[in-house]
1. Can you work out the accessible area per residue across the protein assembly as shown, with the rest of the protein chains kept in place, probe 1.4 Å, in square angstrom?
2. Using θ = phi - 60° and the Karplus relation 6.51 cos²θ - 1.76 cosθ + 1.60, list the HN-Hα couplings for the range B:382-389 in order, rounded to whole Hz, with x at every Gly or Pro.
3. Which net charge results for the neighbourhood of B:LEU209, defined as the other residues with beta-carbon distances under 12 angstrom from its beta-carbon, given Lys and Arg at +1 and Asp and Glu at -1?
4. Per-residue Cβ counts within 10 Å, from other chains only, averaged over B:450-460: what number is that?
5. Go through the range B:10-64 and name the trypsin sites (Lys or Arg not before Pro) that are in a DSSP coil and have 16 or fewer other Cβ atoms within 10 Å of their Cβ.
6. How many angstrom lie between the Cα centre of the range B:122-180 and the Cα centre of the range B:71-104?
7. Calculated from DSSP H runs of 4 or more alone, at -39500 (n - 2.57) each and per residue, what is the 222 nm mean residue ellipticity of chain B, nearest 500?
8. List the accessible area buried at the contact between A and B, summed over both sides and calculated with a 1.4 Å probe, in Å² to the nearest 100.
Amino acid sequence: MKEAIHELLDQPGIWRANDPQRGGSDAALDHIPSGFAALDRVLPGGGFPGNSLTEILHEGHGVGELRLVMPALARLSRSGRWIAMIAPPFVPYAPALAAQGIDLSRLLIVHPGDQPQALWSIEQALRSGTCAAVLAWPSRCDDRSLRRLQLAAESGDSVALLFRDAAAAQERSPAALRLALGESSGQQLNLRVLKCRGTPPGSVALDSWSTAPVRTQQPLPLEG
Amino acid sequence: MLWLCLHFRDLPVECFSSGEENAQPLFVSEAGRVIGANRPARHLGIRPGMLPTAARALSEAGLHRVRDPHRERQTLEHLATWALQFTPRVSLQPPDTLLLEVAGSLHYFQGLEPLRQRISAGLDRRGHRAGTGIAPTPTAAWMLARAGDSTPVTTRAAVAERLAPLPVHALPLEKRVRDALEGLGCECVGAVRALPSDGATRRLGRPLLETLQRAHGERPDPRRNWQPPGQFEQHIDCPEAVANVAGLHPLTQQLLDTLCGHLRERDTAIMRLWFMLRHRDRDPTCLPVGVMSPTRDASHLKWLVERRFERLELTADVTAVTLRAGRFHAMQAASGAFDLLDRDDQPARDANWETLIETFDSRLGEERVCMITPMAEHRPERAWAYRRPEKADSSAPPPCTVARPAWLLERPLPLRSRQGRPQYDNAPLVLETGPERIETGWWDGLDVTRDYYHACTAEGRRVWIFRNRRGQRDWYLHGIFA
C-alpha cells in the first residue's frame, strides 16, 4: 500500500502543497534564491517565485524593503538580463547599489509620469522578456491590474517585485508571494508571509540583518 | 537590361492630393481651362477642357488649383526617391515619367510580375496611377508606357514587332516632327521605320532616326541616374487642415516609406528623426523619435512613430507635415537571427532591450528613461548621475569603504528637532554611527560642511542624516537605508 502511494506521489503531475523540495509545475521550479537562508528555507522552491508576482508590503521607507531583495538582484543583474526600476520613490543611489553588487550597466530606471503610465511601463518591462526582474512602486494597484502584471510576468519570464504600502495587505491579490515587513530590531527583521503558493502563511525572522555594525549608541551632541 | 517606365499621366492633379481615398473633389486648371481632376471630381462630371467656372458650378465644395510645374517636379523627385527601393538605377524624365532599370532586381523580387505588383501597390498607397511600359531599351519602355501598353517586352528581338503598331504620337519627338510624319501618311511607328533613313533624316532632322535607333537598341541610350539629396527632409502639405491625430496617420506613413526607400538606396540608416507639424498661425510642433541602433526598417519606425503620436495632443490644426532625418549611420548587419554555433541568444535579447527602451521613449518621453552611474566624488549629491540608456560593459563594484543608503533624496529634507533630537515622521531618531564628515566643494558652488550619521527610529527605520557644521546647525534627512 505504502509503495503504491509512493509510486503515485512520484508522478510528476502530482503537486503537493507542503513539499518545499518539489515545488509544483516546471515553471514554479524556477525560483530565485533570496540570499537569506532563513527565508529560503520557508519559501517553497527556496526563493522568490520566478516569472510571477511578489508583493513586498512595508510601512514607510527604510525598514529594509530593498535590502531584502538586494542579494537576489545582485545575482540577477549579472545573469545577462536587465533589472528595471519603475517609479522609484527616491533616487537610487548609484554608489550604494554598486557596493551591494548590482551591475549598474544592467539597471534601467523609468520615471513614468502618472499611475496609468506606471502600470503600462511595468507591464511592458515584464512582457518584454529582457528584464530578469522588475521592481516597481505603483501608487495604487487594484486586483485587475495585478492580474495583468502576473500574466505579463509569466509571459516575459520575469520576476515582478511590487513594493506597496502595508495597508494593501487587506486587499485581495493574485500575487504568488506576499511578504509583509514588520519592525526590525537590531540584528533582526521580522517578516510575515501573508500568502505563498504551496505553503501556509507564517512568519520568519531574518538574522544578521543590519549592515551597520551595532555600536554603543553615542549620546547626541549638544546643540550649539 | 530591362527598363520599367512609369508614366504619371495625372501628375498635375496627383501632386496636390495626399493619397487619400475619400478625398475632396479637386481639379487643376492651366491657361483658363481644366486640365485634370481627381476621381471624386470626375464623378461630378468635371472634364478636361472645361472652364474653371463651369467646373466650380458642378462642385461647390471642390478645390480648384492652378497647375504648378514646380510642385510636379518635386512630386516626381519624391517618387524617384521612393522608387530607389526597387533599383539603384532610377532616371528622372521630366515632366511626368520615371525610368527604372530593373534587370538587376528581378532575382531579389522573385521575378518581374511580383516586382510590378509591388510597385503598383506602392503607388496605389501613395495615391498615384501610372502607365507602365517594360522593354529592354528605355526609349521603347517610354513609348509603351505612353501608349498604355503594359505587356512587357523582354527580348530585344521582339522590340521592333511590338513597337511597330504604336501610333506616331507615342514617339518622344517634337510635335512638329510628329505632325510632319502624320502628314507623310505614317500612322504607326512601323511605317516610320520603313521610310528610307537618309531621306527622312534630311527632311525631318537627325532626332527622328536617332530616336528610332535608340528605341530598337541600335544606338546607345545612356540615362542619368537620379541622385537623391544627401540630407533627408520631406514636406507634405495637407490638402485641408488636419484637426486630429488620426488624420495625420496616412501622411506620416507615406513620409516614412519614402525615408526608408531613401535609406535603402544609400545603404545607410538613421537613429533619429523629427516630425514637424506646421500650424497656420503658431510655431510648429516638433516630435522627435529615436531608436537605439541604426535602422531603416519601415515597419519598426512606423510602430514607434505611432506610439509617439499616441500621446500627442493637437492644440491647433495641422497644415503641413515635414519629416527630417538625423545624421546617417552605417547599417550594422543583424546577425542575431542565425548563429551557427548557437552560443547564446544574447543578440536577440539585446534587440529586445532596445525595443523596450524605444517603447518607453516614445510613450513616456526620452527624459523619463535612464540609467544611473556612480561618479568619483565625495559629496553625495554629485556622486551619481543619470545617463541615457546605452549598452555598456558590466561595471565592477567600486571599492566601497563606508555604508551608503540605497535611496538618496534629490535634495536634503530639513528635519524638525525636538529638544535637540532630530525627528523623522514624528518619531525621534537615535544616532547609531557617525559622525562621518563630508566637506568642501567651493570650486563648483556646492560648498558643504556636514557631519553625517546613521540613525534609526524606534520601529527600526534606518536613515542617513546630517547636520551642517556652519551656520544654522539644522538636521537634514539625506538618505534612507531601505
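1. Result: 48 Å² per residue.
2. Running phi through 6.51 cos²θ - 1.76 cosθ + 1.60 with θ = phi - 60° gives 9, 8, 8, 7, 7, 9, 5, x Hz.
3. Surrounding charge for B:LEU209 is +3.
4. Partner-chain Cβ atoms within 10 Å, mean over residues of B:450-460: 4.
5. Here no trypsin sites (Lys or Arg not before Pro) fit, given the DSSP loop and packing criteria.
6. 16 Å
7. -9000 deg cm²/dmol
8. Adding both sides of the contact gives about 5400 Å².
The values are calculated or read from the model by the stated rules, or taken from the named source; none is laboratory data. Since the model is a prediction, treat every value here as computed from it, not as a measurement. Virtual Cβ from ideal backbone geometry, glycine too; neighbours counted across all protein chains shown. Protein only, heavy atoms only, side chains kept; ligands, DNA and RNA dropped before computing areas. Shrake-Rupley method; radii C 1.70, N 1.55, O 1.52, S 1.80 Å.
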